Amino acid sequence: MDPCMRSYLQKLVMPVYCVIGKIPAVRNISNKIIVLEKRGRY
């Protein structure tokens, strides 16, 4: 991937992550999904 494109994508994605991070419910759901995935793998 082109470095310019990567930095552009990071600039786009970071605010989205900040907004999602401020919503506790969304964070809890994503954590539960990660835990379920880990349990499923092992």
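In a simple Cβ point-charge model (Lys, Arg +1; Asp, Glu -1; nothing else charged), the chain has a dipole of about 220 debye relative to its Cα centre. Here the 3J(HN,Hα) profile of the stretch 10-17, calculated from phi with Karplus coefficients 6.51, -1.76 and 1.60 at θ = phi - 60°, is 4, 5, 6, 6, 4, x, 4, 4 Hz, Gly and Pro shown as x.
What does the helix-only formula give at 222 nm for the chain: each DSSP H stretch with n ≥ 4 adding -39500 (n - 2.57), the total divided by the residues, and the result rounded to the nearest 500 deg cm²/dmol? When only DSSP H runs of four or more count, the value is -31000 deg cm²/dmol.
A full extension of the chain between residue 7 and residue 41 corresponds to an added length of 9.0 nm, given 0.36 nm per residue minus the alpha carbon distance.
All C-alpha to C-alpha distances of the chain, sorted into 10 Å bins beginning at zero, yield P(r) values of 26, 30, 31, 13 percent in whole numbers.
Computed from backbone phi with θ = phi - 60° and the Karplus coefficients 6.51, -1.76 and 1.60, the 3J(HN,Hα) list for the stretch 18-25 is 4, 5, 4, x, 7, 9, x, 4 Hz; x is used for glycine and proline.
Each value in this text was obtained by applying a stated rule to the coordinates, not by laboratory testing. Quick caveat, the model's predicted, so the values are computed rather than measured. Cβ coordinates were reconstructed from backbone atoms using ideal geometry, including for glycine residues, and neighbour counts include every protein chain displayed.
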